[in-house]
1. At least 3 residues that are over 20 Å from ALA97 (Cβ atoms) in each: list the helices (runs of 4 or more DSSP H) lying fully within region 15-87 that qualify.
2. Which one of the conditions (1) assigned to a strand (DSSP E or B); (2) over 18 Å from the mean Cα position of the chain (by Cα) does GLU126 fail to meet, given that it meets all the rest?
3. Quick one: what pairs do we get from region 76-90, first residue of a type in the set (A, V, I, L, M), second surrounded by 14 or more Cβ atoms within 10 Å (Cβ to Cβ) and in a helix (DSSP H, G or I), C-beta under 7 Å, 6+ apart or different chains?
4. Return yes when GLU78 is closer than 20 Å to LEU12 by Cα and acidic (Asp, Glu) and no when it is not.
5. Do you know which of the residues in region 100-123 that are buried (at least 21 other Cβ atoms within 10 Å of the Cβ) and of a type in the set (Gly, Ala, Ser) is nearest to ligand 1 (Cβ to nearest atom)?
6. Taking into account only those residues within region 20-48 that are away from ligand 2 (no atom under 16 Å from the Cβ) and either among the aromatic types (Phe, Trp, Tyr) or surrounded by fewer than 18 Cβ atoms within 10 Å (Cβ to Cβ) (or both), which is nearest to ALA148 (Cα to Cα)?
7. Give me the residue from region 170-182 that is among the hydrophobic types (A, V, I, L, M, F, W, C) and either surrounded by fewer than 23 Cβ atoms within 10 Å (Cβ to Cβ) or over 13 Å from LYS39 (Cβ atoms) (or both) and, out of that set, farthest from ligand 1 (Cβ to nearest atom).
Amino acid sequence: MAEHLHPIHDRLVQRAERETANGHRGGVVWLTGLSGSGKSTIAAAVERRLFEQGVFVRVLDGDNVRSGLNGNLGFSLEDRRENTRRVAEVAKLFAEAGAIVLCSFVSPTRQLRAAVAEILGDDYFEVFVDTPLEECERRDVKGLYAKARAGEIRDFTGIDSPYETPTAPFLTLPTERLTVSEAAGTLIAALITPLSIQSLSSVPTPR
Ligand SMILES: Nc1ncnc2c1ncn2[C@@H]1O[C@H](COP(=O)(O)OP(=O)(O)OP(=O)(O)O)[C@@H](O)[C@H]1O
Ligand SMILES: [Mg+2]
């Protein structure tokens, strides 16, 4: 099918033009970690702070893609793979539009994350939200760990399905040793140089 598509690049606004206008590069921050590790919380805090600095930023989270774009997908291995692939492709479109995209998905296996990295290339920034299982289970924000322990949910990551720790993430955020604000600040500080975030260049590095 792809051979019938005709590129229209000449007439399009180029990525570099968008990035110059935005005052920063586009890129995709892929937050991975156990359920309850803090991916959505940190993504929301980072989005808020960057937005207030004039950055073109957008969170993609289970909540805003599962209901629409991926409404036809379930939680089988195949559907999880397809869910991840579609999110990565949408994130890529946003990044090409000059946005900083914050994606918070468990994405438990190296294979899943490698597929995302393959789609995103240089735009991929993997962030490991490093919270031990015991702490995630203690938080049990959604009550899912209790259900998984009771056998009401099968194949739950960390309980009866593995989480493979990232081997070489762009950044690791140990949330037991950081407040939400510190974790958000650490991530933003790490992004300033690689994403050339001009409006933030004068903001001091937290801690
Ligand atoms: N330093 C921290 N960073 C992030 N979250 C923290 C931190 N300390 C405590 N928390 C709490 O941990 C919980 C994390 O829940 P959150 O929904 O963000 O997890 P998640 O990784 O998005 O999970 P899921 O994969 O189920 O969506 C929140 O209640 C948050 O307030
Ligand atoms: Mg979440």
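What follows is calculated from the coordinates using simple rules that are stated; it is not laboratory data. Every value quoted in this text rests on a predicted model; they were computed, and no experiment measured them. Cβ: placed from backbone, ideal geometry, glycine included. Neighbour counts: every protein chain shown.
1. Details: elements: 15-22, 39-52, 62-66.
Because the criterion is at least 3 residues that are over 20 Å from ALA97 (Cβ atoms), the helices (runs of 4 or more DSSP H) in region 15-87 that meet it are 39-52, 62-66.
2. Every condition holds for GLU126 apart from (2).
3. Within 7 Å, the pairs are VAL87/VAL65; ALA88/VAL116; ALA88/ILE119; ALA88/LEU120.
4. On the way: closer than 20 Å to LEU12 by Cα: no; acidic (Asp, Glu): yes.
Considered against the rule, which asks whether it is closer than 20 Å to LEU12 by Cα and acidic (Asp, Glu), GLU78 comes out as no.
5. Per the criteria, the residue is SER104.
6. Taking region 20-48 and keeping what is away from ligand 2 (no atom under 16 Å from the Cβ), we get 20-28.
Of the ones still in play, those that are also either among the aromatic types (Phe, Trp, Tyr) or surrounded by fewer than 18 Cβ atoms within 10 Å (Cβ to Cβ) (or both) are 20-21, 23.
On the way: THR20: 48, ALA21: 48, GLY23: 45 Å.
Filtering first and then ranking leaves GLY23.
7. Pass one, region 170-182, residues among the hydrophobic types (A, V, I, L, M, F, W, C): 170-171, 173, 178, 180.
Now drop any that are not either surrounded by fewer than 23 Cβ atoms within 10 Å (Cβ to Cβ) or over 13 Å from LYS39 (Cβ atoms) (or both), which leaves 170-171, 178, 180.
Values: PHE170: 17, LEU171: 13, LEU178: 5, VAL180: 4 Å.
If we take residues in region 170-182 being among the hydrophobic types (A, V, I, L, M, F, W, C) and either surrounded by fewer than 23 Cβ atoms within 10 Å (Cβ to Cβ) or over 13 Å from LYS39 (Cβ atoms) (or both), then PHE170 is farthest from ligand 1 (Cβ to nearest atom).
Residue-wise test of (1) touching a helix residue (DSSP H, G or I) at 6+ places or on another chain (Cβ under 9 Å); (2) of a type in the set (S, T, N, Q).
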| position | (1), (2) |
| --- | --- |
| PRO7 | no, no |
| GLN14 | no, yes |
| ALA21 | no, no |
| TRP30 | yes, no |
